[in-house]
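The values are calculated or read from the model by the stated rules, or taken from the named source; none is laboratory data. This one's a predicted model, so the numbers in the text were calculated from it and none came from an experiment. No Cβ is skipped: glycine too gets one built from the backbone with ideal geometry, and neighbour counts run over all protein chains shown. Calculation scope for accessible area: heavy atoms of the full protein, side chains included, ligands and nucleic acids excluded. Shrake-Rupley method; radii C 1.70, N 1.55, O 1.52, S 1.80 Å.
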Amino acid sequence: MIKVFNTLKKEKEDFKPIKDNKVGMYVCGVTVYDLCHIGHARSAVVFDVIRRYFLYRGYDVTFVKNFTDIDDKIIKRSNETSVSWRELTKKYMEAHDADMDSLNVKRPDQTPKATDFISEMIAMCENLIAKGHAYVSDGDVYYRVESFSEYGKLSHRHLDEMMAGARVEVNERKENPYDFVLWKSSKPNEPSWESPWGPGRPGWHIECSVMSEKILGLPFDIHGGGKDLVFPHHENEIAQSEAACGCEFARYWMHNGFVNINEEKMSKSLGNFFTIRDVTEKFDPEIVRFFLLTTHYRSALDFSDEKLKDAESSLNRIYTMLDELYGFTAGKKGVSVINEAENVASEFVAEFERAMDDDFNTPVALAAIFEVVRKINKILADKPNKDTLEALRKSAEKVFSAVNDVLGVIVKTPEEWFKANLEIPVSELEALIEERQNSRKEKNFERADEIRKELSAKGIELLDTPAGTKFRAKKIRD
């Protein structure tokens, strides 16, 4: 049984889908006015792994992640750059997809855009007005928070406590300072759509309410996003959706923790962010993905080059073991521990599933991988015979098939991994290896040693095997 931490209940709960064997997931996507940063990457990888694990467990998953393609920030950036808002959002949606592809994040089943659901958003506003949950003020439509008795149930805040002594910007258009906008009247030269209240555009919160309902229906199983969305965004979604439909909105609410730099949340507003492209120019995207899984998704994740180097070192260790395993030549008189080799996979799967069933605990799942590495290295050190080696390789295939399918890492062959980490062009490396081989044939061992030392200084280890000279690259970074 999979256990999920539900922000709504503040505890882990057994996951029970609304429809047998089906999971409907909606995750709030990005506002497309700039490149994605590592905070966005974390949320994307977290929910990608959650989705993958449900699939691994045999669920039929419908995964929806939206694009917010109309917003104050988009309009501001459009005006600053003299690029139309449609052209701007198209550019950054494509950039988003390219970044997610590089991190091996599976594409959602559906990626709705807010501007494709304007008529449905207007209809929800009309519904809320008719039921007394919303009101019109000078062309704007506001949600009346005091009309919803459960307002604050997700963030575990009470409206009367929030209002008591709170310093909230005064807006004479609102009945209550905490009322939030559902529909904004347009200003001159802003994108707008016709509505019963005049030209305007939707507020941010209503966009996700409408898109999730139209695609998944109500209620649906899981609503997710970053911890910063709990209040006000997700709180407001619940208020408007449940007031409109008179039913439950989403069953489980899941939120990933922040990415911190110097103990401050990484964000564009604070100016302390790194784009995914900034980081993947220096580190292989697989290193970035692995790093993002080293901390439980609900906890804060401290970002630094040192932690990325640690992730790279961990991946090097795994790929080195795989390189040893598939390059190993068994002898006829080697030891036979077939049962031990076969148990490597069964023991891993049990521990891996135990970790992932417990609210998707990826750090414990990663630890189970390194226990596999330790066991395989130990068996190889004892020089197994052919049958044991074959059983060991089958175990490794089972282990890393699960790791690839669920965690989305260890996706390369060892050769591909080490080539990806080269500090020098492959052609230059191959030329030096060939020169070294020729030097050894000519008994010019001094030059052969020079080449080995030269490559070692670049983080490249040479291994002379019966099948020829192989290399392993372990990148050295400043």
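In percent, rounded to a whole number, the relative contact order of the chain is 15, using alpha-carbon pairs under 8 Å and six or more apart. For the stretch 259-346, the dipole from Cβ point charges (+1 on Lys and Arg, -1 on Asp and Glu) about the Cα centre works out to 180 debye, to the nearest 20.
In order along the stretch 147-159, the phi-based Karplus estimate (6.51 cos²θ - 1.76 cosθ + 1.60, θ = phi - 60°) of 3J(HN,Hα) comes to 7, 10, 5, 9, 4, x, 6, 7, 7, 6, 10, 10, 4 Hz; Gly and Pro are listed as x. The share of C-alpha pairs in the stretch 205-299 whose separation exceeds 15 Å stands at 69 percent.
With a ≥ b ≥ c the root eigenvalues of the C-alpha gyration tensor of the stretch 1-158, is it rounded (a/c under 1.5), prolate (a/b larger than b/c) or oblate? Here the stretch 1-158 falls in the oblate category. What 222 nm value per residue comes from the helices of the chain, counting each DSSP H run with n ≥ 4 as -39,500 (n - 2.57) and dividing by all residues, nearest 500 deg cm²/dmol? One gets -14500 deg cm²/dmol as the mean residue ellipticity at 222 nm. Candidates SER84, TYR26, GLY139 compared by Cα position along the dipole of the stretch 8-152: farthest toward the positive end lies TYR26, with charges placed on Cβ. When you restrict to C-alpha pairs under 8 Å that are six or more residues apart and normalise by the size of the stretch 18-99, the relative contact order lands at 43 percent. Think of the stretch 217-276 as having a plus end and a minus end, set by charges on the Cβ of Lys, Arg, Asp and Glu; of GLY257, PHE274, SER241, PHE274 sits farthest toward the positive end of this dipole. Using a probe of 1.4 angstrom and keeping all protein chains present, the accessible surface of the chain works out to 46 square angstrom per residue. All Cα-Cα distances of the stretch 171-242, cut into 5 Å bins from zero to the largest, leave 3, 13, 21, 21, 20, 13, 8, 1, 0 percent in each bin in turn.
Convex hull volume per residue, computed on the Cα atoms of the stretch 377-430, equals 122 Å³.
Per-atom-type breakdown for the stretch 211-329 gives carbon and sulfur 44% of the accessible area (1.4 Å probe, protein chains only). Pairwise Cα separations in the stretch 399-473 fall into 10 Å bins from 0 onward with the following percentages, short to long: 18, 43, 23, 13, 4, 0. Accessible area per residue (1.4 Å probe, heavy atoms of protein chains only) ranks SER427, SER82 as SER82, SER427, with the largest value leading. This model, with +1 at the C-beta of Lys and Arg and -1 at the C-beta of Asp and Glu, gives the chain a dipole about its Cα centre of some 1080 debye. Take the Cα of ASP60, step 7 Å toward its Cβ, do the same at SER137, and the gap between the two points is 4.6 nm. Straight-line cross-link reach from LYS443 at under 19 Å between alpha-carbon atoms covers these lysines, not counting any fewer than eight positions away in the same chain: LYS453. To the nearest whole percent, what portion of all C-alpha pairs in the stretch 341-434 is separated by more than 21 angstrom? Value for the stretch 341-434: 45 percent of Cα pairs lie more than 21 Å apart. Around the Cα centre of the stretch 1-141, unit charges on the Cβ atoms of Lys, Arg, Asp and Glu (plus for the first two, minus for the last two) sum to a dipole of about 700 debye. When the alpha-carbon atoms of the stretch 1-92 are used, the pair Rg, Dmax equals 17.3, 53 angstrom.
Classified by the C-alpha gyration tensor, the stretch 74-128 has an oblate form. Its axis ratio a/c, with a ≥ b ≥ c, is 1.5 or above, and a/b does not exceed b/c. Normalising the average separation of contacting C-alpha pairs (under 8 angstrom, six or more residues apart) by the number of residues puts the relative contact order of the stretch 215-271 at 45 percent. Only protein atoms count toward the accessible area here, which uses a 1.4 Å probe; on the stretch 15-172, the carbon and sulfur part of that area reaches 45 percent.
Summarising the label geometry, the points placed 7 Å from Cα in the beta-carbon direction at CYS245 and THR469 lie 6.5 nm from one another. Heavy-atom accessible area for HIS158, with the other protein chains in place and a 1.4 Å probe, reaches approximately 110 Å². The alpha-carbon atoms of the stretch 92-189 define a convex hull whose volume equals 195 cubic angstrom per residue.
When the chain is described by a simple charge dipole with +1 on each Lys and Arg Cβ and -1 on each Asp and Glu Cβ, the residue from GLY225, LEU392, ILE206 located farthest towards its positive end is LEU392. From the C-alpha coordinates alone, can you work out the Kirkwood hydrodynamic radius of the chain, in Å? Every distinct Cα pair counted, the radius reaches 25.4 Å. Amide hydrogen proximity for LYS22: with H placed 1.01 Å from N in the peptide plane, the residues at 5 or more positions away or on another chain lying under 5 Å are ASP60.
Taking a ≥ b ≥ c as the square roots of the eigenvalues of the alpha carbon gyration tensor, the stretch 115-268 is rounded, as a/c is under 1.5. As a ratio to 2.2 N^0.38 Å, the alpha-carbon radius of gyration for the stretch 295-407 is 1.17. Multiplying the residue separation of ALA300 and ILE424 by 0.36 nm and removing their Cα-Cα distance gives an extension gain of 41.0 nm.
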